[in-house]
Amino acid sequence: MIEFYPPDLQEFVQQKIASGAFRSADEFAVEAAALYRDMDRRREELKAKIAQATEELDRGEGILLEGEEQLRAFFEELKIEGRRRLASQAAAT
């Protein structure tokens, strides 16, 4: 049995091994560590993007949308522009 996991996780890991998803608790732990590493990397990338966006907003480079109606209109304009670009690209090929 996997002594270092809490009982609920021991059961979960054993179920995964029994189902054939993993050959051993070690294999499960390696996969879990890799997933955590990837999640941590994505978290750091997101934090960097948030910091960059905050700096842009501090410089006044953002768009102020007040209320749900302005937000809807903004996204509708984005959709129209995106469709226009796709049509232009399709016509060029």
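The values are calculated or read from the model by the stated rules, or taken from the named source; none is laboratory data. Every value quoted in this text rests on a predicted model; they were computed, and no experiment measured them. Neighbour counts run over all protein chains shown; Cβ positions are idealised from the backbone, glycine included. For accessibility, only protein heavy atoms count, side chains too; no ligands or nucleic acids. Shrake-Rupley method; radii C 1.70, N 1.55, O 1.52, S 1.80 Å.
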Matching option when the condition is more than 19 Å from the chain's Cα centre (by Cα), surrounded by 11 or more Cβ atoms within 10 Å (Cβ to Cβ) and in a helix (DSSP H, G or I), among PHE22, PHE74: PHE74
Hits in segment 25-43 (condition: charged (D, E, K, R) and open to solvent by less than 90 Å² (accessible area, probe 1.4 Å)): GLU27, GLU31, ASP38, ASP40
Search result, residues across segment 52-64 that are outside any loop (DSSP other than H, G, I, E, B) and exposed (fewer than 10 other Cβ atoms within 10 Å of the Cβ): ASP58
